[in-house]
Amino acid sequence: MTASTTDGFSTRAIHDGQDFDPRTGAVIPPIFMTSTFVQDGVGGFRDGYEYSRGGNPSRDALQLQLASLEGGTHAFAFGSGLAAEDAVLRAALQPGDHVLMGNDVYGGTHRLVSKIWERWGIELSTADASDLDAVRAAMRPSTRMLWVETPSNPLMKVADLPALAELGHDAGALVVADNTFATPYLQQPLGLGADVVVHSTTKYIGGHSDLVGGAAITGDAELAERIGFQQFAVGAVNSPFDAWLTSRSLKTLAVRVERHCTNAQAVAESLVGHPAVSAVHYPGLPDHPQHALAARQMRGFGGMVSLQLAGGAQAALELVRHTRLFQLAESLGGVESLVCYPSEMTHASVRGTELEVPADLLRLSVGLEEADDLIADLQQALGRL
Ligand SMILES: *Cc1c(COP(=O)(O)O)cnc(C)c1O
């Protein structure tokens, strides 16, 4: 019952790769918790399965779903978002190649290239991805990869994917989009010109803060072959159980993200104009610098909001002591709301670099609780500053 390509997003999310079990009729495909597969004589593989690092039905089911939802032809599920990123870097780059990244990408992405890959001859620099002239000026003859994250973390800047894809391709670079914040429901970078999409499926795709995983998706068969070989040869695969949980989660992605967007919009609007708040960063606010671009490129504005406090770092640290529903934790995209202090948490690894984030900034992952309760929680905490 694999859905046709003319079906809409949620139909594909629910049916692609999710055929019922042919033996029992179980509506939900079983979890294949197995490391190896019996062979019918040497080399007689059933359905091609040999050993779970190379292929596992639960991982394949998820990969089919992901490829369908991102509009790609091939998807690879990894043990974490960074493992997926690492495989893409290995598959695409040679020593001497230069990677140009947005200057507010996820801190761990910058760390992966600056602390690991620079030692193996990869060059790295960054530019403001929301400024096309700055990106153009930062390209080098050796630039082989342009890495874009939009909306960005934690400042919610929006980058123009079609324009950046054209700019990258003109220079002979592969264009990679980290689509973790937007999810394929809000934005499909492959359709906007990117060559590869990466995800931390730990976040909105997993959606329940109960797993760690990652994915890389592409429509380029030759690149897919190389990423697939990295996945097999290096081995940072997603476990069958995590793959199964992620498949379960993808089926509700659209309804969850719709609610994340409505709640985040309400929370962002409730913070604007509060005397203790000096800035609110959310692409859904009409005065966000790239509001029009976000409206054009995305189906909604997402569930992430960041704010800066008039009372500086002290006020930010004080606020997180008083929220009740917004729990202080790293990560994002789950059903529960979280607050994070990026400069000492998610972005501690980029302190002292050009990716350093303001010390008065808090990042909110707006969950699926009642919007009124979330707003009341923030108002009471702000009232105590
Ligand atoms: C969390 C995150 C990553 C890294 O993913 P892990 O699953 O933690 O390895 C990459 N990019 C973005 C935007 C993230 O939020």
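For the range 209-229, what are the residues that are over 16 Å from residue 64 (Cβ atoms) and either more than 16 Å from the ligand (Cβ to nearest atom) or assigned by TED's automatic domain parsing to the domain that holds residue 367 (or both)?
Going residue by residue through the range 209-229, those that are over 16 Å from residue 64 (Cβ atoms) are 209-212, 214, 220, 222-223, 225-226, 229.
Scanning the range 209-229 gives 220, 222, 223, 225, 226, 229.
Restricting attention to the range 187-215, report how many residues are more than 22 Å from residue 167 (Cβ to Cβ) and either of a type in the set (A, V, I, L, M) or in contact with a Phe, Trp or Tyr (Cβ under 9 Å, 6 or more places away or on another chain) (or both). Give the derivation first.
Within the range 187-215, the first condition is being more than 22 Å from residue 167 (Cβ to Cβ), and the residues that meet it are 199-215.
This time we only want the ones that are either of a type in the set (A, V, I, L, M) or in contact with a Phe, Trp or Tyr (Cβ under 9 Å, 6 or more places away or on another chain) (or both), so: 200-201, 203-205, 211-215.
Qualifying residue count for the region: 10.
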Self-check item: Hits in the range 106-142 - residues which are in contact with a Leu (Cβ under 7 Å, 6 or more places away or on another chain) and in contact (Cβ under 8 Å) with a residue 40 or more places away in the chain
Solution: 107, 108, 110, 114, 126
Quiz prompt | Residue list for the range 81-108, filter: of a type in the set (Gly, Ala, Ser), within 12 Å of the ligand (Cβ to nearest atom) and touching an Asp or Glu at 6+ places or on another chain (Cβ under 9 Å) | solution = 81, 102, 108
Exercise. Take the residues in the range 27-45 that are touching an Asp or Glu at 6+ places or on another chain (Cβ under 9 Å) and among the β-branched types (Val, Ile, Thr), then tell me which one is surrounded by the most Cβ atoms within 10 Å (Cβ to Cβ).
Key: 28
Practice problem: Check off (1) open to solvent by less than 20 Å² (accessible area, probe 1.4 Å); (2) out of contact with any strand residue (DSSP E or B) (no Cβ under 9 Å at 6 or more places or on another chain); (3) outside any helix (DSSP H, G or I) for residue 95 and give me the number that stays unchecked. | Solution: (1)
Quiz item: Where residues in the range 176-194 are buried (at least 23 other Cβ atoms within 10 Å of the Cβ) and more than 16 Å from the ligand (Cβ to nearest atom), which of them is nearest to residue 333 (Cα to Cα)?
Solution: 188
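Given the residues 310, 316, which is the only one that is open to solvent by less than 10 Å² (accessible area, probe 1.4 Å) and over 19 Å from residue 372 (Cα atoms)? Full working, then the answer.
Details: 310 fails: open to solvent by less than 10 Å² (accessible area, probe 1.4 Å).
Only one candidate passes the filter, namely 316.
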Quiz item: among the β-branched types (Val, Ile, Thr), touching a residue at least 40 places away in the same chain (Cβ under 8 Å) and within 26 Å of residue 250 (Cβ to Cβ): does that describe residue 175?
Solution: no
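How many of the residues in the range 127-150 are open to solvent by 30 Å² or more (accessible area, probe 1.4 Å) and either within 16 Å of the ligand (Cβ to nearest atom) or within 25 Å of residue 187 (Cα to Cα) (or both)? Write out each step before concluding.
In the first step, residues of the range 127-150 are kept if they are open to solvent by 30 Å² or more (accessible area, probe 1.4 Å); the result is 128, 130-134, 136-137, 139-142, 144.
Cutting the leftovers down to either within 16 Å of the ligand (Cβ to nearest atom) or within 25 Å of residue 187 (Cα to Cα) (or both) gives us 128, 130-134, 136, 144.
Residues meeting the conditions: 8.
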Self-check item: Near pairs, Cβ below 7 angstrom, 6+ apart or cross-chain, from the range 46-62 (exposed (fewer than 13 other Cβ atoms within 10 Å of the Cβ)) to any residue that is aromatic (Phe, Trp, Tyr)
Solution: 46/37
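Checking the conditions here, which among 331, 349 is within 16 Å of the ligand (Cβ to nearest atom) and assigned to a helix (DSSP H, G or I)?
On the way: 331 fails: assigned to a helix (DSSP H, G or I).
Answer to the selection: 349.
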Practice problem: Give 79, 102, 71 a once-over and let me know the one that is within 16 Å of the chain's Cα centre (by Cα) and open to solvent by less than 10 Å² (accessible area, probe 1.4 Å). | Solution: 102
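The values are calculated or read from the model by the stated rules, or taken from the named source; none is laboratory data. The structure presented is a predicted model; accordingly, all values stated were derived computationally and were not measured. Note that we place each Cβ from the backbone using ideal geometry, even for glycine, and neighbour counts take in every protein chain shown. We work out accessible area using only protein heavy atoms, side chains counted, and drop any ligands, DNA or RNA first. Shrake-Rupley method; radii C 1.70, N 1.55, O 1.52, S 1.80 Å.
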